[in-house]
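Some notes on the structure that comes next.
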Amino acid sequence: MHLDATGWIVTAIAILLTGISKSGLGGALGGLAVPFMSMWMSPRDAVAVMLPVLIAMDLFGIRAWRGKADWAELRLLLPASLAGIALGTLAFGVMSDRMVKGAVGLIAVVFAADRLLRKPKAEAHTAPLPRLARLCGVGAGFTSTLAHAGGPPLMIYLLTRGLPRQAFAATSVFFFAALNLAKLPFYLGLDLFTRDTLVMSAMLLPLVPVGVWTGMRLLQRIPERPFYLLATAALGLSGVKLLWDAVAG
């Protein structure tokens with residue numbers, strides 16, 4: 001893998017956006033890195049490079065958001081996500097990336113458009129929704145395994161729940177921390193890691209605290225209602241990007 005200057009700049013920007021998104025907006029834009037990096041390397045190498053970087057982001061996020069996650073939601077989401085990881089591992093190399101990206105992107109765009117046009121503010125925080133949580137958990141595990149694009153399915157559930165913004169961010173951070181660690185043995189089994197991917201991951205690690213720190217500062221400055229509008233818009237934009245990737249190939 002040999003990236004030119006443009007490739008390194010685009011990759012660095014994608015890493016920073018991922019850190020900002022994961023620490024403040026539920027990871028909606030976390031799926032940008034793999035499509036951008038795939039313009040310079042194979043998608044298999046891109047997901048291998050990103051996983052250690054994402055785990056490092058998760059470690060910073062856990063330290064920053066400890067004690068603020070909603071564990072009732074996580075107990076519903078995480079077991080289902082493991083099933084999604086298993087399905088994604090089976091589909092890796094068999095199911096078309098374009099099909100996965102197109103389906104996830106369409107769902108994200110439709111959901112975001114519905115919320116923005118019909119009821120932009122967050123809904124009341126009621127009891128957890130087990131069926132929706134399990135469906136979104138499986139979806140997040142599946143799409144995250146294939147392209148680290150688990151943000152849209154998770155955000156569909158969290159936006160429906162209307163959690164306070166700190167609980168929203170913390171629950172997302174803890175969810176992806178568990179999810180990314182769970183993917184590690186599956187990626188090892190698929191033999192995705194090479195010396196080159198590990199070296200590139202190490203070179204990108206210094207950008208991790210910058211992105212996470214920026215995301216946390218932005219979250220502190222956004223009031224509750226604009227936060228949910230911004231998160232919903234981020235979900236829609238991530239869906240548009242996935243649809244574009246599916247159409248453009």
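Heavy-atom accessible area for Arg161, with the other protein chains in place and a 1.4 Å probe, reaches approximately 0 Å². In this calculation the C-beta distance from Ala72 to Arg221 is compared with R0 = 25 Å, giving a FRET efficiency of 0.35. Ordering Pro223, Ala108, Ile55 by the projection of their Cα atoms onto the charge dipole of the chain, which places +1 on the Cβ of Lys and Arg and -1 on the Cβ of Asp and Glu, puts Pro223 at the extreme positive end. From the convex hull of the Cα coordinates of the chain, what is the mean projected area in square nanometres? Taking a quarter of the hull surface, the average projection is 12.0 nm². Among 80-91, 183-194, 10-21, the peptide with the highest mean count of other Cβ atoms within 10 Å heads the list, and the full ranking is 10-21, 80-91, 183-194. The label-point distance for Leu135 and His2, in a model that sets each label 7 Å from Cα toward Cβ, rounds to 4.9 nm.
Between Leu117 and Leu230, the distance separating the two model label sites (each 7 Å from Cα on the Cα→Cβ line) works out to 2.5 nm.
Surface analysis of the chain yields an accessible area of 44 Å² per residue, using protein heavy atoms and a 1.4 Å probe.
Straightening the chain between Arg63 and Ala12 buys 16.0 nm, computed as 0.36 nm per residue apart minus the Cα-Cα spacing.
With contacts taken as Cα pairs under 8 Å and at least 6 residues apart, the chain reaches a relative contact order of 40 percent. The apolar share of the surface of the chain, taken as the fraction of accessible area on carbon and sulfur atoms (1.4 Å probe, ligands and nucleic acids excluded), comes to 70 percent. Per residue of the chain, the DSSP helices (runs of n ≥ 4 H) give a summed -39500 (n - 2.57) that works out to -26500 deg cm²/dmol at 222 nm.
With both labels modelled 7 Å from their Cα along Cα-to-Cβ, the Val210 to Val240 distance reads 2.6 nm. Within segment 138-157, whose backbone N sits under 19 Å from a point 7 Å along Cα→Cβ of Thr194? Residues passing the 19 Å test: 147.
At the listed q of 0.10, 0.18, 0.24 Å⁻¹, the Debye profile of segment 108-218, built from one uniform point per Cα, gives log10 I(q)/I(0) equal to -0.39, -1.08, -1.45.
The values are calculated or read from the model by the stated rules, or taken from the named source; none is laboratory data. Every value quoted in this text rests on a predicted model; they were computed, and no experiment measured them. All Cβ positions, even for glycine, are placed from backbone atoms using ideal geometry, and neighbour counts span all protein chains on display. These area figures cover heavy atoms from the full protein model, side chains too; ligands, DNA and RNA do not enter into them. Shrake-Rupley method; radii C 1.70, N 1.55, O 1.52, S 1.80 Å.
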